[in-house]
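Here the structure comes first, spelled out in structure tokens, and everything after it is commentary.
Where a number appears in this text, it was derived from the coordinates with a stated rule and is not lab data. This structure is a prediction, so every number in the text was calculated from the model and none was measured. FYI the Cβ positions are ideal-geometry reconstructions off the backbone, even for glycines, and counts take in every protein chain you see.
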There are 2 protein chains.
Amino acid sequence: MTSKVVVCGVGLIGGSFALAIKSALASVANERQKVQIVGMGRTRAPLEQALQLGVIDAIATDWASALTGADLVLLGMPVGQMAPVMAAMAPHLEAHTLVTDGGSTKADVVAAARAAFGAHFPSKIGQFVPGHPIAGAEKSGVAAARANLYLDKRVVLTPLPENAPEAVRAVRTVWEICGAKVSELAPAEHDRVFAAVSHLPHLLAFALVHDLATRDNADQLFGFAASGFRDFTRIASSHPEMWRDICLANRNALLKELDAYMMELMKTRVLLASADSAGLEEMFDVARTRRDAWLDALENAA
Amino acid sequence: MTSKVVVCGVGLIGGSFALAIKSALASVANERQKVQIVGMGRTRAPLEQALQLGVIDAIATDWASALTGADLVLLGMPVGQMAPVMAAMAPHLEAHTLVTDGGSTKADVVAAARAAFGAHFPSKIGQFVPGHPIAGAEKSGVAAARANLYLDKRVVLTPLPENAPEAVRAVRTVWEICGAKVSELAPAEHDRVFAAVSHLPHLLAFALVHDLATRDNADQLFGFAASGFRDFTRIASSHPEMWRDICLANRNALLKELDAYMMELMKTRVLLASADSAGLEEMFDVARTRRDAWLDALENAA
């Protein structure tokens, strides 16, 4: 029996998902377990590239043919593009097809899905199980895709009340086949957590590089930047359009985190301006201790 | 002829300096070129460890014996400890001995040197050539020292008007022997540049981890933190005491950088709060383009 998986938006996320599934099934010594990966996208060139690279098996040019007999759809495009895609696919979605996504924000994607499915096809919203694979990289595009991108990485599902337990279980199983560790959060909780540990750090890194890049002595400054700066700003090499969309999609939670951080910087400024030696060392020490404990826990879990 | 090099503060910086010199001379097929590395420090245990690890050849317990016949002294302790060390060594410094340091800030170290040498031994200030090897690591201590720490890394010398050209040249040569690329800046200019590209990023990383670590849901937040967060906060695992000293030593330049960054964050907040999609993408794009150009230049230089 051949499964049909549709990947819409064959970039790093969608392409790696396709490669991970192919790789996992290739290692299963079961002739009956086959998968056909069909690519969809807004532009033709990346799909042709994905086909040439063996990431997908076929290109679909319309949703009607893409979704005929499809078992699973992964929406791999930036979150800002989800709404029109969902609206376009909704009429053609067969009753047995599950849909999930790789978007970095969830409340807005859920709202887009409710608008797309719920308005005209209310029974189909239960087929959409929202997800977020925590496996970014500053590289983007299908050329950066790799079968092990999700190995030992976390995937967060944010199930809807309308999702049948077996639908959530099926999507969970697909991600586990890709090597991921799956957990669940409510959509709004997901967005609050990732505003703090992902979206804010991206914004801070972009802001620092932008600040220095726009100065008269930028060349001198970058000339003396070293490995600490390189790692601190690695995420400032992330995709501008994708991160614009993420920041806007999760704007409210991100503004709260940004305000909390500016408050923390004001407190730090007071310590520094008053030369509060003990206060500064205490703050640095709390940070280092917590970070090192986190790294230890990560290593023990791996 | 055996050279005598004294390393005071045998941690990552001093220990790696010792190993780099030993390693470089070991590869020179010249029996006459030998070096003896003598360690000094405020506590005995790290010196014993350095001796056992072969990082140093001997331990000196007082400055009088340490400096007898010494050709070069490297001060490898945190910048906050330089002043008393310089005051203690000044009376015993022979006329031919050069002194340099590995401190991350320079105006304060120069001031400490002027106080220590200039007050009672004004002729000796010319023997001190201030320096800053740009080769941090979040690890500290002699166990983390390695012979290649400075390979292809930059070292900034901030010479004094009193330094003879041959003194500066000699210190430059020693760092080049360690594999470093040496450049020169005025002390105040050095401190302004490193406030921007090193000290501020450290402060920002400590502040973010501290902010999250002190929340009620810290465990949940760290539970979902991934590789972007890990790299962004790598420098928050730096040594709290050392970074307290650096921040305080370079307080004025760092406050200016912190204020500039908070202004940048306020502008970013306006873009986000007003959902200025084009403005956000433009800012992210400027940052990514500049960072990628910097990385390309680094790779071409290597």
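Around B:Asp108, with a cut-off of 14 angstrom between Cβ atoms, what is the net charge of the other residues, counting Lys and Arg +1 and Asp and Glu -1? Don't jump to the answer; show the numbers that get you there.
Working: positive: B:Lys106, B:Arg114, B:Arg192, B:Arg244, B:Arg251; negative: B:Asp101, B:Asp191, B:Asp245.
Neighbourhood net charge equals +2.
Let me have the relative contact order for segment B:2-185, percent, based on Cα pairs under 8 Å that are six or more residues apart. Walk me through the numbers before you get to the answer.
Working: 381 pairs, mean separation 45.2, N = 184.
Relative contact order, segment B:2-185: 25 percent.
Please work out the Cα center distance from segment A:118-143 to segment B:83-159, rounded to the nearest Å.
If we compute the Cα centre of each part, the gap is 56 Å.
Mind listing the label-point distances from A:Ala58 to the same position on all other copies, shortest first, one decimal in nm, points 7 Å along Cα→Cβ?
Label-point separations across copies, in nm and ascending: 8.2.
Averaged across B:184-194, how many Cβ atoms of other chains sit within 10 Å of each residue's Cβ atom? Could you put the intermediate results ahead of the total?
Details: counts 0, 2, 0, 0, 0, 2, 1, 0, 3, 6, 4.
Mean partner shielding for this stretch: 2.
In this model, which of B:Lys153/B:Lys256; A:Lys34/A:Lys106; B:Lys106/B:Lys267; A:Lys4/A:Lys124; A:Lys256/B:Lys256 are farther than 23 Å apart at the alpha-carbon? Please report the intermediate quantities before stating the final value.
Working: B:Lys153/B:Lys256 27 Å; A:Lys34/A:Lys106 31 Å; B:Lys106/B:Lys267 32 Å; A:Lys4/A:Lys124 19 Å; A:Lys256/B:Lys256 25 Å.
Beyond 23 Å between Cα atoms: B:Lys153/B:Lys256; A:Lys34/A:Lys106; B:Lys106/B:Lys267; A:Lys256/B:Lys256.
Given the options B:Ala205, B:Ala111, B:Asn300, identify the residue whose Cα lies farthest towards the positive end of the charge dipole of chain B (+1 on Cβ of Lys, Arg; -1 on Cβ of Asp, Glu).
Result: B:Ala111.
Divide by every residue of the protein assembly as shown the summed helix terms, -39500 (n - 2.57) for each DSSP H run of at least 4, and state the resulting mean residue ellipticity at 222 nm, rounded to the nearest 500 deg cm²/dmol.
On the way: 26 runs with 300 residues, N = 604.
Calculated at 222 nm, the ellipticity per residue is -15000 deg cm²/dmol.
Ranked by Cβ crowding within 10 angstrom, fewest neighbours first, how are B:Lys267, A:Lys22, A:Lys124 ordered? Could the numbers behind the result be given before it?
Details: B:Lys267 15, A:Lys22 18, A:Lys124 22.
With the sparsest Cβ surroundings first, the list reads B:Lys267, A:Lys22, A:Lys124.
Using only alpha-carbon positions, what ratio does the radius of gyration of the protein assembly as shown give when scaled by 2.2 N^0.38 Å? Could you put the intermediate results ahead of the total?
Numbers: Rg = 28.4 Å, N = 604, 2.2 N^0.38 = 25.1 Å.
Compactness ratio reported: 1.13.
Would you mind telling me the antiparallel percentage of the DSSP bridges in the protein assembly as shown, rounded to 5? Could the numbers behind the result be given before it?
Numbers: 6 of 52 bridges.
Of all bridge pairs located within the protein assembly as shown, approximately 10 percent are antiparallel.
Provide the net charge surrounding B:Ile56, with neighbours chosen by a C-beta distance below 12 Å and charges set as Lys +1, Arg +1, Asp -1, Glu -1. Mind showing how you got there, number by number?
Details: positive: B:Lys4, B:Lys22; negative: B:Glu48, B:Asp57.
Result for the local shell: 0.
Could you list B:His199, A:His210 so that the one with the fewest beta carbons within 10 Å of its beta carbon is first and the one with the most is last? Before the final figure, lay out the partial values.
Working: B:His199 25, A:His210 22.
Ranking B:His199, A:His210 by Cβ neighbours within 10 Å, fewest first, gives A:His210, B:His199.
Between the label point of A:Asp292 and that of the same position in each other copy, find the distances and list them shortest first in nm, with every label point placed 7 Å from Cα along the Cα-to-C-beta direction.
When each copy's label point is compared with this one, the spacings are 3.8 nm.
What number results when the radius of gyration of segment A:96-181, computed over Cα atoms, is divided by 2.2 N^0.38 Å?
1.15
Is there a quick way to get the dipole size of segment B:189-301? I mean about its Cα centre, with the Cβ of Lys and Arg at +1 and of Asp and Glu at -1; what is the value in debye to the nearest 20?
Working: 12 positive and 18 negative charges, 43 e Å.
Using Cβ point charges on Lys, Arg, Asp and Glu, segment B:189-301 gives about 200 debye.
Between chain A and chain B, with a rotation axis joining them, whose C-beta in A is nearest that axis, and what is the whole-Å distance?
Looking at chain A's Cβ atoms against the axis toward B, the nearest is A:Asp231, 2.
How large is the charge dipole for chain B, taken about the Cα centre, if only the Cβ atoms of Lys, Arg (+1) and Asp, Glu (-1) carry charge, to the nearest 20 debye? Provide the component values of the computation, followed by the final result.
Numbers: 28 positive and 32 negative charges, 121 e Å.
About 580 debye.
Please work out the C-alpha center-to-center distance from segment B:269-302 to segment B:9-72 and express it in whole Å.
What the calculation gives is 45 Å, centre to centre.
Placing a label point 7 Å from Cα toward Cβ, how far apart in nm is B:Ile177 from its equivalents in the other copies, listed shortest first to one decimal?
Distances to the matching label points in the other copies: 6.3 nm.
Rg to Rh ratio, chain A, alpha-carbon atoms and Kirkwood radius? If you can, show how the numbers build up before the last one.
Working: Rg = 21.5 Å, Rh = 21.0 Å.
A ratio of 1.02.
Run the dipole for the protein assembly as shown about the Cα centre, Lys and Arg Cβ at +1, Asp and Glu Cβ at -1, nothing else charged, and hand back the magnitude in debye, nearest 20.
Working: 56 positive and 64 negative charges, 114 e Å.
That gives a dipole near 540 debye.
By the scheme Lys and Arg +1, Asp and Glu -1, what is the net charge of all other residues having a beta-carbon under 13 Å from that of A:Val182? Kindly include the intermediate steps, with their values, before the conclusion.
Numbers: positive: A:Lys153, A:Arg154, A:Arg169, A:Arg172, A:Lys181; negative: A:Asp152, A:Glu176, A:Glu184.
Charge balance near A:Val182 sits at +2.
Please name whichever of A:Asn250, B:Val174, B:Ala164 sits farthest to the positive end of the charge dipole of the protein assembly as shown, dipole taken about the Cα centre and charges placed at Cβ: Lys and Arg +1, Asp and Glu -1.
Farthest along the dipole direction, towards plus: B:Val174.
Antiparallel DSSP bridges in chain A: what percent, to the nearest 5?
The answer is about 10 percent antiparallel.
Say the dipole of segment A:2-185 comes from +1 at the beta carbon of Lys and Arg and -1 at that of Asp and Glu; which of A:Thr61, A:Ala144, A:Ser183 then lies farthest toward its positive end?
The Cα lying farthest towards the positive end belongs to A:Ala144.
Rounded, prolate or oblate for segment B:189-301? Axes are the square roots of the Cα gyration tensor eigenvalues, ordered a ≥ b ≥ c, and the cut-off for rounded is a/c under 1.5.
Details: a/c = 1.37, a/b = 1.05, b/c = 1.31.
Cα axes put segment B:189-301 in the rounded bin.
Write down Rg/Rh for segment A:1-104, rounded to two decimals, with Rg from the C-alpha atoms and Rh from the Kirkwood relation over Cα pairs. Before the final figure, lay out the partial values.
Details: Rg = 13.0 Å, Rh = 13.7 Å.
Result: Rg/Rh = 0.95.
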